[in-house]
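Working notes, beginning with the structure itself.
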Amino acid sequence: MVQPALRTSRRRRITGVVEIMLEKKIESAVKQYARDKGWLAYKFTSTAHIGVPDGIFISPTGRVIFMEFKQTGKLPTPMQQREIDRINQHGVYALVVDSVEQGKGIIDAYTV
């Protein structure tokens with residue numbers, strides 16, 4: 001889906017239009033990139049607890065990162081943000097990712 005360009009730092013500008021990527025495409029590309037770098041990448045769902053992040057990533061050195069994937073420019077729901085905050089308060093990284101480049105950058109930043 002392509003929409004007219006908007007002024008926001010969260011969206012990619014491509015020849016005057018903004019490319020809106022779907023959550024599942026971002027998630028799939030970031031997971032494949034992480035696996036190519038030697039990370040474990042899992043889909044995380046909980047039937048008993050809603051709002052948990054979409055993915056768990058474990059680096060080759062044991063670092064754990066949770067990622068909540070969102071469509072380009074979208075924000076997490078209040079419940080999702082609450083869970084992200086709770087995870088971060090326990091010393092584990094939980095991040096919102098709305099682009100493939102951002103997800104790859106996170107994997108690169110935490111790859112030793």
Subject >> Within the range 39-49, considering residues that are loosely packed, with under 14 Cβ neighbours inside 10 Å and over 13 Å from the mean Cα position of the chain (by Cα), the one farthest from I26 (Cα to Cα) >> reply: A48
Subject >> Positions within the range 46-64 being of a type outside the set (V, I, T) and in contact with a helix residue (DSSP H, G or I) (Cβ under 9 Å, 6 or more places away or on another chain), in sequence order >> reply: H49, G51, P53, D54, G55, F57, S59
Original post:
If you take just the strands (runs of 3 or more DSSP E) that sit entirely in the range 50-112, which of them hold at least 3 residues that are under 10 Å from the mean Cα position of the chain (by Cα) and crowded, with 16+ Cβ neighbours inside 10 Å?
Top reply: 64-69, 93-97
**OP:** Report yes if Y33 is of a type in the set (F, W, Y), assigned to a helix (DSSP H, G or I) and either at pLDDT 95 or above or surrounded by 13 or more Cβ atoms within 10 Å (Cβ to Cβ) (or both), otherwise no.
**Re:** yes
Subject >> Top-ranked residue in the range 36-60 [being of a type in the set (G, A, S) and closer than 21 Å to L22 by Cβ; ranked as modelled with the lowest pLDDT] >> reply: G51
Original post:
Within the range 53-107, how many residues turn out to be in contact with a Leu (Cβ under 8 Å, 6 or more places away or on another chain) and aromatic (F, W, Y)?
Top reply: 2
Original post:
Of all the residues that make up the range 63-87, how many are of a type in the set (V, I, T) and either at positive phi or modelled with pLDDT under 95 (or both)?
Top reply: 1
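The values are calculated or read from the model by the stated rules, or taken from the named source; none is laboratory data. A quick note: this is a predicted structure, and the numbers were derived from the prediction, not measured. FYI the Cβ positions are ideal-geometry reconstructions off the backbone, even for glycines, and counts take in every protein chain you see.
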